[in-house]
Amino acid sequence: MFQQALAMRKAYILNPWNQFDLFIIVLAVVDIIINDFAASLEVQMFRIIRVSKMFRLTRALRLIKIIIPKLITLVEHQIHKQLSLGYDIGNGFVTGEEDISKIIDHISDDQTVSKKLKGILEMNRQLAVKEIGLLQRNYPEIAISVKTRQASRAVLNSERETIGSLMLMGLLDEVESKKLKKMIEIRMKKLTKFPPTIPAPTAESLLQNLPWLHSDVAQIEFIKKVAKLMIFDFGDIIMRENDKPQGIHLIVSGVVKMTGSSPGYGGREQKEKSHVIDYQSRGTIIGELNCLTQQPLEFTVTCESATQTCFIGINSLFEAFDVFYEDPSLEYKMWLSLAIRIATTVFMENINYQGWTHHKMCLYLSNAYLMDVEVNEKVLLYDGSIQDVVVIYGSCSDVQDQRSFQAPALISKTTYQWSAPPWTLIEQ
């Protein structure tokens with residue numbers, strides 16, 4: 001203690017815990033002095049001596065130094081559990097608002113009522129997304145824990161459904177299915193004890209897990225060399241509407257607000273664009289489509305908090321396309337990753353797929369591939385090996401009845417032959 005005091009000098013005395021220790025030492029010294037002179041004191045002083053023994057109880061206060069940090073840890077754990085629950089509920093609320101918004105047109109025939117309801121749902125969704133983003137900024141370890149738990153639960157539910165399907169097909173008997181379901185239930189129960197926090201990934205880790213890099217060491221190293229870590233303050237504009245794309249931003253931390261029109265997907269006849277306001281946070285990639293198509297930006301990105309992004313310039317991106325041209329090329333993988341995200345939204349809006357979970361949809365699209373079709377080129381569809389076709393970018397028309405499909409769109413299964421979509425996602 002004395003060596004530490006000499007080393008730290010004034011800083012040692014200013015520490016509250018060290019002041020507390022000094023207070024206990026002083027009381028102990030007073031107690032010792034009174035005990036040493038007790039023999040020479042007269043009988044009437046016994047009461048004072050008895051009171052002085054109360055000083056010894058203050059030695060137990062030393063335990064506070066050990067107990068308080070443990071209490072703080074316990075309280076923080078409970079706070080993280082409550083925040084984790086709130087984040088989970090918030091995600092469920094956002095998902096519910098999005099699902100209800102998709103079926104509003106099927107519930108109400110009045111367009112005025114439908115538009116008003118959609119406006120209310122969208123406003124509630126935006127507020128919830130913003131709060132979730134701010135929570136993720138302040139407590140990224142909680143958001144990662146919740147997402148990991150949700151992903152684990154989705155996988156286990158998918159396994160349970162698969163067991164049921166295999167049992168109906170006669171590939172599993174009742175005894176085997178019960179054992180497997182019991183194992184899944186055990187793992188489900190373990191998720192209730194899942195830690196409320198998981199350390200947040202670094203910018204390097206987020207880069208390595210980009211879907212279009214797909215754990216390719218050479219491509220990851222190249223992107224890491226050309227990527228730059230950029231820091232923005234609250235209110236800074238990262239991208240501006242109608243500007244030419246300068247590159248891709250991967251959000252490392254913080255919350256951004258995206259305002260502008262809905263993204264354009266090429267085509268002869270552009271769809272009517274609507275004004276869009278959205279919030280994005282850690283892990284979101286901004287500017288992919290515009291860099292691939294070299295079209296002006298349709299949105300303005302403004303920081304809602306202090307934000308860090310990993311920036312990959314468009315020239316560096318095209319250089320990577322030239323270097324990694326072997327099949328599957330880096331450009332193809334980026335298009336495929338973007339196409340799967342777009343197709344997931346298209347499928348979820350179709351009434352035939354609205355009962356599907358996100359995990360089931362990802363499994364369904366795992367065998368999908370992209371096809372680049374030249375202008376005026378005719379392509380045969382649904383020959384028995386193809387289940388669904390989605391136009392990702394551009395437009396096409398049915399050769400027989402001249403129906404036009406503007407991206408993004410799910411091609412009707414009655415279509416036999418089409419022509420002219422630049423990029424198409426095909427599900428086998």
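The values are calculated or read from the model by the stated rules, or taken from the named source; none is laboratory data. In this text, all values refer to a predicted model and were calculated from it rather than measured experimentally. Heads up, the Cβs are rebuilt from the backbone with ideal geometry, glycines too, and the neighbour counts pull from every protein chain shown. The area values use the complete protein model at the heavy-atom level, side chains included, leaving out ligands, DNA and RNA. Shrake-Rupley method; radii C 1.70, N 1.55, O 1.52, S 1.80 Å.
Couple of notes before you dig in:
- Alpha-carbon Debye profile of region 135-257, log10 I(q)/I(0) at 0.10, 0.12, 0.14, 0.15 Å⁻¹: -0.56, -0.72, -0.85, -0.90
- Of all accessible heavy-atom area on region 91-176, the percent that carbon and sulfur account for (1.4 Å): 59 percent
- Computed from label points 7 Å out along Cα-Cβ, the spacing between Glu141 and Thr112 is 5.4 nm.
- The calculated FRET efficiency for Met348 paired with Ile67, based on their beta-carbon distance and R0 = 45 Å, is about 0.30.
- Portion, in percent, of the accessible area of region 199-252 that falls on carbon or sulfur, probe 1.4 Å: 52 percent
- Set of aspartates and glutamates near Lys244 by C-alpha distance (under 16 Å), chain-local residues within fewer than 8 positions excluded: Glu288, Glu298
- The peptide list 321-333, 68-80, put in order of mean Cβ contacts within 10 Å with the highest first, becomes 321-333, 68-80.
- Reachable aspartates and glutamates, given that their alpha-carbon falls under 19 Å from the alpha-carbon of Lys178 and they are not under 8 places away in the same chain: Glu159, Glu161
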